[in-house]
Amino acid sequence: MTALLKEKSTVWDIHLDKAASEPVYLQIAAAVRHLLRSGRIAAGAALPREQVLARRFGVSSMTMRQANDVLEREGLIQRQRGRGTLAVQNRLVKQGQETRSFNEGIRHGGDIPSSRLGSFNTVEAPAALAADFGIAPGSPIYVIDRVRLADGVPMALESVQIPVSRCPNLERFNIVDHSLYQIFEENYGIELARSEEEISAIAPNRNHRKMLELPPSVAVLLVKRKTYTTGGKLFELATDAYRGDLY
């Protein structure tokens, strides 16, 4: 049972069913998602601090943080140091599209793709992320960061999260010179059927400028991607930051 909104009071009067099977943090996320998408919370508006909302909803700060983690991954809010948590402008969402790797897209445009590996780590999945993947909290997930290039020019920063159980021992493959999607298909028999992408333009941060060698006044195209298998299971969560002047 999802959280219900009391229409005759303030936007933050949210009713939670703490006896329901759905976790409370997901109920909160669903209710706040409705407020954001319906425009009852305007884009750019500052949300109350997590501690304030936690007290209002009668939940712990950790539960409220988990709810905000879900909303931030969906691109609906943004945490900014010194400014707090802000509602994000509406973003373009593409659904049901054919899944194509970065390498395929670059080759389709007539360029030669390549990669640089930034980091390859295995971490424990926090509860909210584990729920998205349908795995137990604390289960290991891969976090892979790469710089993607076309004809030697940095085009994108890519950060990918995948449960280790989906493709164990992935570290034994050369993910610098080969497409991850190709490795999944040829070595694990995984068929990726579709993806959902949320796209927005943002001002680059210091890491974007350095790794993408950005000239002044160039925006970054941020793409948050969910990729699903033919069985409808969420396989991959990715965040790609593309050069706005080239891609």
Quick one: would you say Asp240 is buried (at least 19 other Cβ atoms within 10 Å of the Cβ) and charged (D, E, K, R)?
yes
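Go over the candidates Arg243, Arg172, Arg194, Arg206 one by one and state the one that is in contact with an Asp or Glu (Cβ under 8 Å, 6 or more places away or on another chain) and among the basic types (Lys, Arg). Walk me through it before giving the result.
Working: Arg243 fails: in contact with an Asp or Glu (Cβ under 8 Å, 6 or more places away or on another chain); Arg172 fails: in contact with an Asp or Glu (Cβ under 8 Å, 6 or more places away or on another chain); Arg206 fails: in contact with an Asp or Glu (Cβ under 8 Å, 6 or more places away or on another chain).
Step by step, each of Arg243, Arg172, Arg194, Arg206 is checked, and only Arg194 is in contact with an Asp or Glu (Cβ under 8 Å, 6 or more places away or on another chain) and among the basic types (Lys, Arg).
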Can you give me the number of residues within the range 44-58 that are open to solvent by less than 60 Å² (accessible area, probe 1.4 Å), under 15 Å from Gly84 (Cβ atoms) and assigned to a loop (DSSP other than H, G, I, E, B)?
4
Restricted to the range 164-223, and to residues that are open to solvent by 30 Å² or more (accessible area, probe 1.4 Å), small (Gly, Ala, Ser) and not in a strand (DSSP E or B), which residue is farthest from Leu117 (Cα to Cα)?
Ser217
Scan the range 125-134 and give yes if some residue there is farther than 29 Å from Leu71 by Cα, exposed (fewer than 14 other Cβ atoms within 10 Å of the Cβ) and either touching a residue at least 12 places away in the same chain (Cβ under 8 Å) or small (Gly, Ala, Ser) (or both), otherwise no.
no
Of all residues in the range 89-124, count the ones that are touching a helix residue (DSSP H, G or I) at 6+ places or on another chain (Cβ under 8 Å), modelled with pLDDT of 60 or more, in a loop (DSSP other than H, G, I, E, B) and open to solvent by less than 100 Å² (accessible area, probe 1.4 Å).
1
Whichever residue in the range 135-144 is assigned to a strand (DSSP E or B) and open to solvent by less than 50 Å² (accessible area, probe 1.4 Å) and, among such residues, is farthest from Glu213 (Cα to Cα)
Ile141
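The values are calculated or read from the model by the stated rules, or taken from the named source; none is laboratory data. Given the structure is predicted, the values throughout are model-derived calculations rather than measurements. Every residue, glycine as well, gets a Cβ built from its backbone with ideal geometry; the counts of neighbours run over all protein chains shown. Note: accessible area is taken over every heavy atom of the protein model, side chains too, but ligands, DNA and RNA are not part of it. Shrake-Rupley method; radii C 1.70, N 1.55, O 1.52, S 1.80 Å.
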